[in-house]
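Single-structure report; data block below.
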Amino acid sequence: MPYYLLVGIVCGVFSLYFSSAVRTTERHLEGLASPALKPLYWGALIGFMVFFFPPISVGVYDFLNLFINC
């Protein structure tokens, strides 16, 4: 039981951090001159995350390989 409580607290703290990061990013994106730059920004951010944290994309590659090999 104590482990569930600890996991709940950790998830709650992480959710607060994630919400704050999303709000901050959205505030920065409001200042962009062109709305077409938003997808470029998000694509670069996702590319950065996949480059530095490759396990994030492992499930995607497995799905794509399964889809291609069918």
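The values are calculated or read from the model by the stated rules, or taken from the named source; none is laboratory data. Values in this document were obtained by computation on a predicted structure and should not be read as measured data. Here the Cβ positions follow ideal geometry from the backbone for every residue, glycine too, while neighbour counts run over all protein chains shown. Ligands, DNA and RNA are stripped out before the accessible areas are found, and what is left, the full protein with its side chains, is counted by its heavy atoms. Shrake-Rupley method; radii C 1.70, N 1.55, O 1.52, S 1.80 Å.
Worth a mention:
- Surface accessible to a 1.4 Å probe, Ile46 within the full protein complex, Å²: 100
- Per residue solvent-accessible surface (Å²) - the chain, probe of 1.4 Å: 92
- Taking each DSSP H run with n ≥ 4 as -39500 (n - 2.57) and averaging over every residue of the chain yields -28000 deg cm²/dmol at 222 nm.
- Accessible heavy-atom area order of Val13, Val50, highest first, probe of 1.4 Å: Val13, Val50
- Extension gain, Val7 back to Arg27 (0.36 nm per residue minus Cα-Cα distance, nm): 4.2 nm
- Using a simple spin-label model with pseudo-atoms 7 Å out from Cα toward Cβ, Ser20 and Lys38 lie 2.5 nm apart.
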